[in-house]
1. Answer with yes or no whether residue A:61 is surrounded by fewer than 18 Cβ atoms within 10 Å (Cβ to Cβ) and in contact with a helix residue (DSSP H, G or I) (Cβ under 6 Å, 6 or more places away or on another chain).
2. With touching a helix residue (DSSP H, G or I) at 6+ places or on another chain (Cβ under 8 Å) and on the phi > 0 side of the Ramachandran plot as the only criterion, which of B:91, B:75, B:34 stands out?
3. For residue B:48, work out the one condition from (1) at pLDDT 90 or above; (2) within 9 Å of chain A (Cβ to nearest Cβ); (3) under 29 Å from residue A:133 (Cα atoms); (4) buried (at least 19 other Cβ atoms within 10 Å of the Cβ) it doesn't fulfil.
4. Out of curiosity, is residue A:107 exposed (fewer than 10 other Cβ atoms within 10 Å of the Cβ), within 27 Å of the chain's Cα centre (by Cα) and modelled with pLDDT under 80?
5. When you scan the stretch A:116-134, how many residues do you find that are within 17 Å of residue B:103 (Cα to Cα) and within 11 Å of chain B (Cβ to nearest Cβ)?
6. Out of all the residues in the stretch B:2-33, which are farther than 19 Å from residue B:44 by Cβ and either within 14 Å of chain A (Cβ to nearest Cβ) or buried (at least 16 other Cβ atoms within 10 Å of the Cβ) (or both)?
7. If the Cβ limit is 8 Å and pairs must be 6+ apart or interchain, which residue in the stretch B:1-22 that is in contact (Cβ under 8 Å) with a residue 24 or more places away in the chain pairs with which residue that is assigned to a loop (DSSP other than H, G, I, E, B)?
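The values are calculated or read from the model by the stated rules, or taken from the named source; none is laboratory data. What you are looking at is a predicted structure, and each value in this text was computed from that prediction instead of being measured. Glycine also receives a Cβ, built like all others from the backbone with ideal geometry; neighbour counts cover every protein chain displayed.
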């Protein structure tokens, strides 16, 4: 019941995001969308994922989007026109994905392939092999430590990329402009800055 | 935001609690939900809140950008360093069993250290991104 309510809110929020042209409202709705998704994850007993979704999706990314908005305009410049070909493509892809879900095992089916590969070993042996009560942590940090190292490297690369792209560029431009002004003065003013 | 008295007072009350909660999530991740990723984001949120309320210059005095940039790399280095340490101690890469006398203790130590590395990098990257956007905005 609560699943259906959350999913209905999720769909309504997504439709509202598509419809509204005020970007500030869109950012806020995206935050609400993440919070609803976090609620669904809690409902699915995936507390760690819900925690991450609430902190990253609803928290930090909303702030970053607001930061972007303060650099750009608050409204979309041109309303997007309805075009038949992309719509057809999206509908076809969606239908194909829905058709694909028919083959998938039911939610929580214990005989699903994903629950029969390595998951039983993690659940049975984690207590004696790793000894950490939270199995999610033991899988994330120990069994799959190499994957997590890759994820941290992704975050590292993203941070360095943002710093290189938009960090400090403005200061350099100002320096260049200041230098240009100085050379135009011909050094007559000296320490005018 | 000099004149927003209520915001400033509430932020002053909230920020220590947010930072403390981040450390709780960081070091309690072995026992409950949470871990380095979530803790890093929450810690960064505390600093970003400070920056939003008291101005970016004040935030930079608390957490200087040069320190942030060092911490971005330090977290990854700590994580990868744990792997190298386990290699040098005779195990596989990121095999924590060899880090202490008993495998379980080694696992605990390894997870503790790499989660700390994850938290450091995540928090530093989030703060750095916030600084970049705030700088551009002016």
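1. Numbers: surrounded by fewer than 18 Cβ atoms within 10 Å (Cβ to Cβ): yes; in contact with a helix residue (DSSP H, G or I) (Cβ under 6 Å, 6 or more places away or on another chain): no.
No.
2. Values: B:91 fails: on the phi > 0 side of the Ramachandran plot; B:75 fails: on the phi > 0 side of the Ramachandran plot.
Step by step, each of B:91, B:75, B:34 is checked, and only B:34 is touching a helix residue (DSSP H, G or I) at 6+ places or on another chain (Cβ under 8 Å) and on the phi > 0 side of the Ramachandran plot.
3. The failed condition is (3).
4. Yes; evaluated as a whole, the condition is true for this residue.
5. Qualifying residue count for the region: 8.
6. Selection gives B:30, B:31, B:32.
7. Matching pairs, first to second residue: B:1/B:55; B:7/B:1; B:8/B:1.
One line per residue, one yes/no per condition, for (1) over 15 Å from residue A:145 (Cβ atoms); (2) within 22 Å of the chain's Cα centre (by Cα); (3) at the interface with another protein chain (Cβ under 8 Å from one of its Cβ atoms); (4) touching a residue at least 60 places away in the same chain (Cβ under 8 Å):
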| position | (1), (2), (3), (4) |
| --- | --- |
| B:75 | no, yes, yes, no |
| B:78 | no, yes, no, no |
| B:81 | no, yes, no, no |
| B:87 | no, no, no, no |
| B:93 | no, no, yes, no |
| B:98 | no, no, no, no |
| B:104 | yes, no, yes, no |
| B:108 | no, yes, yes, yes |
| B:113 | no, yes, no, no |
